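Presented below is the structure to which this report refers.
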């Protein structure tokens with residue numbers, strides 16, 4: 001492994017540590033299938049080539065994640081920490097709902113906190129490590145096919161070292177009535193920790209499922225999640241995907257969600273970031289068939305020094321599909337938002353309708369947002385639009401509400417809740433929506 | 001109820017109000033008329049507490065208190081209501097939801113318990129009839145996508161719900177067709193009691209056919225240059241504002 005390290009210049013200690021970890025993993029894990037081993041080897045080679053993004057990397061220029069990781073994590077910190085004693089987990093889990101609950105603590109599946117309610121003929125849920133053994137056909141067909149380790153170093157890193165996560169397979173023609181709630185909890189009570197879960201969700205033709213990935217922190221020390229999820233939305237399937245981030249102020253997060261849609265399918269994504277240290281979400285959507293519909297909603301409601309960076313990419317490869325994207329941000333204190341939305345409309349994707357909008361409210365002079373919509377269109381018969389706005393609370397609206405007897409604080413809270421509701425109303429799992437609304441209300445009561 | 005003395009106000013560095021005197025008693029309807037740019041809407045805004053305007057001189061006493069010392073919400077809770085010339089659209093907030101919050105704030109200020117859902121809905125139903133407004137409109141986001149007439153009716157509906165002591169209608173007639181005007185005026189008239197007062201700000205006499213004022217004041221260049229009874233409004237309608245301007249300008253010189 002030392003040859004690798006010598007050949008790189010300006011390599012950070014954290015990158016070196018991850019490469020060593022990956023290298024060791026390649027050499028010692030021979031139990032899994034040859035296919036998975038091959039995927040890991042390729043990812044490792046890509047990671048060596050790419051390196052973790054440095055300060056000059058255009059895709060990460062507002063989110064200096066490598067620098068932050070290098071500062072806060074020593075080589076001995078990058079493994080999953082011991083967490084058998086984790087307390088306070090049950091209160092993080094949504095109650096009052098019939099749902100499949102799957103809990104990971106520091107990357108390890110926790111049987112104790114998990115509970116499956118859907119029958120196996122409706123949905124197959126297992127850990128990814130089990131699926132490597134028992135669903136080899138599906139793994140060989142789908143695993144690592146959509147998450148691109150050639151261009152994103154964190155996807156490459158995850159692919160090279162990931163051992164476990166969730167595997168979901170919804171057979172043809174099934175509507176899964178109970179949502180699947182997957183909790184990824186970082187427990188830093190004992191020590192700093194890094195976990196790299198990996199998920200694969202395959203939704204077959206004409207099926208429907210609600211998925212939630214929810215990120216939380218227990219403990220006060222630094223933690224880091226590097227997660228990758230691949231979602232395969234087959235013909236006429238409907239997938240409602242949610243990513244919820246309610247993490248501690250010293251946690252770091254890089255997440256890559258790769259979605260591929262085939263004909264006449266519907267994919268909805270809602271990403272809500274409420275707290276954390278530094279969060280980077282990449283949501284990549286490939287629309288590889290006609291007559292697909294996709295909605296991507298995002299809300300980042302930030303305070304203190306939280307940084308949330310949402311990079312989305314929609315790739316329209318075929319004709320007659322529709323995508324709509326709405327990301328909204330409320331930045332308080334010294335928090336920082338980043339939004340980058342790429343929309344590609346390929347030459348064959350005629351009659352595409354693609355819309356994108358990013359709206360931000362800054363509550364203080366120290367809060368900031370960097371927003372960049374990017375449309376690249378090669379087809380000539382399409383309807384596309386994008387726009388970004390950044391501002392303060394509308395003074396006219398504020399005055400109007402005050403003249404009806406609401407004080408400034410109440411009026412501000414009402415306006416911000418309304419601003420956020422455009423996104424939150426797209427969460428169709430009611431108890432989840434209510435929990436988020438409550439968190440946001442409490443935040444508004446506290447801060448304003 | 002309301003005593004305005006020598007009120008001066010400016011926006012940025014421009015003087016708009018240059019010494020307004022006005023006295024309004026419970027049960028009275030005062031019409032403030034005047035040509036465009038005379039300061040009518042500014043007066044309405046200053047009374048409601050809009051921060052863009054700076055009061056540089058004079059005083060406003062309302063129910064024995066210094067009105068200028070109160071913020072907009074306190075004024076509203078003390079019974080002042082401004083019906084906006086251009087009601088603001090507020091996406092994501094339904095009229096019903098917001099009115100419930102507003103009404104309960106005002107009730108709290110008056111030492112009353114908040115209205116429960118049933119009583120609130122009952123009161124809403126009654127007041128809806130007053131301005132012939134539809135339930136579906138009230139479930140929608142406040143004023144968003146409403147027609148001009150719907151917005152104005154919604155203003156009067158809110159006024160009916162909040163039961164102010166002093167209502168200020170800022171050009172409520174602008175942009176209304178005659179049927180909508182009649183509905184709005186009818187609503188205002190039904191809300192009149194011997195306890196509350198109304199200030200109607202308008203450019204045209206037409207509205208005053210329906211909301212009959214006790215007093216008419218003509219505002220020009222930041223001052224009330226002429227006061228009279230409802231006959232003054234008819235005279236203005238007939239002769240236009242030019243003779244007022246000439247008289248006022250001559251007096252200043």
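Read the figures in this text as sums done on the coordinates, not as results from a lab. Source: prediction; values computed, not measured. Note: ideal-geometry Cβ built from the backbone for every residue, glycine included; neighbour counts use all protein chains shown.
Taking every DSSP beta bridge that has both residues in the stretch A:13-289, what percent is antiparallel when rounded to the nearest 5? Expressed as a percentage, antiparallel bridges in the stretch A:13-289 total about 10. For the stretch B:217-251, list residues with backbone N below 16 Å from a point placed 7 Å from the Cα of residue B:21 toward its Cβ? So the set is B:217-220, B:222-228.
Over the stretch A:332-448, Cα pairs under 8 Å with separation of 6+ residues give a relative contact order of 23 percent.
Averaged over the residues of peptide B:70-80, the number of Cβ atoms from other protein chains lying within 10 Å of each residue's Cβ is 4.
Each label point was placed 7 Å from the Cα along the Cα-to-Cβ direction; for residue B:110 and residue B:125 their separation is 2.1 nm.
For the ranges A:201-212, A:93-104, what's the packing order if you count other beta-carbon atoms within 10 Å of each residue, average per peptide, and put the highest first?
On the way: A:201-212: 22.0, A:93-104: 18.4.
Descending mean neighbour count gives A:201-212, A:93-104.
Between the Cα long axis of helix B:117-130 and the first principal axis of chain B there is an angle of about 50°, rounded to the nearest 10. Report summary: the helix-based calculation at 222 nm, which adds -39500 (n - 2.57) for every DSSP H run with n ≥ 4 and divides by the residues of the protein assembly as shown, gives -9000 deg cm²/dmol. Among beta bridges identified by DSSP and lying wholly in chain B, the antiparallel ones come to about 60 percent. Stretching residue A:364 away from residue A:20 to a fully extended chain increases their span by 119.5 nm, per 0.36 nm per residue minus the current alpha-carbon distance. Alpha carbon centre of the stretch B:191-253 versus the stretch A:372-426: separation in Å? First find each Cα centre; the distance between them is then 41 Å. Here the label points at residue A:351 and residue A:49, each 7 Å from Cα along the C-beta direction, are separated by 3.8 nm in the simple model. Which whole-number percent gives the relative contact order of the stretch B:1-81, counting Cα pairs below 8 Å spaced six or more residues apart? Across the stretch B:1-81, relative contact order equals 36 percent. Between the stretch A:36-70 and the stretch A:252-278, how many Å separate their Cα centres? Value for the Cα centre distance between the two parts: 19 Å.
Report for the protein assembly as shown the percent antiparallel among DSSP-assigned beta bridges with both residues inside it, nearest 5.
Numbers: 32 of 183 bridges.
The antiparallel fraction comes to roughly 15 percent.
Expressed per residue, the C-alpha convex hull volume of chain A stands at 144 Å³. Under 8 Å for C-alpha pairs, at least 6 residues apart: give me the relative contact order for chain A, rounded to a whole percent. Result for chain A is 10 percent.
Within the listed set B:70, B:161, B:124, the residue fluctuating most in the Gaussian network model of chain B (springs between alpha-carbon atoms under 10 angstrom) is B:70.
Exposure proxy for A:222, B:195: other Cβ atoms within 10 Å of each Cβ, ordered fewest to most, give B:195, A:222. Sorted fewest first by neighbouring Cβ atoms within 10 angstrom, B:10, A:328, A:150 come out as A:150, B:10, A:328. Taking every residue in B:102-113 and counting other chain Cβ atoms within 10 Å of its Cβ, the average works out to 2. The alpha carbon centroids of the stretch A:322-338 and the stretch B:15-64 are separated by 42 Å.
Can you tell me the length gained on complete extension of the stretch residue A:320 to residue A:98, counting 0.36 nm per residue apart and subtracting the Cα distance?
Values: separation 222, 0.36 × 222 = 79.92 nm, distance 3.68 nm.
Net length gain for the segment: 76.2 nm.
Decide, for the stretch A:59-159, between rounded, prolate and oblate: order the square roots of the alpha carbon gyration tensor eigenvalues as a ≥ b ≥ c, take rounded if a/c falls under 1.5, and otherwise choose prolate if a/b is larger than b/c, else oblate. In terms of gyration-tensor shape, oblate. All Cα-Cα distances of the stretch A:162-297, cut into 5 Å bins from zero to the largest, leave 2, 10, 21, 22, 17, 12, 8, 5, 2, 0, 0 percent in each bin in turn. Residues A:14, A:78 in ascending order of nearby Cβ atoms (within 10 Å, fewest first): A:78, A:14. Taken along the Cα-to-beta-carbon direction at a fixed 7 Å, the label points for residue A:32 and residue B:210 span 7.4 nm.
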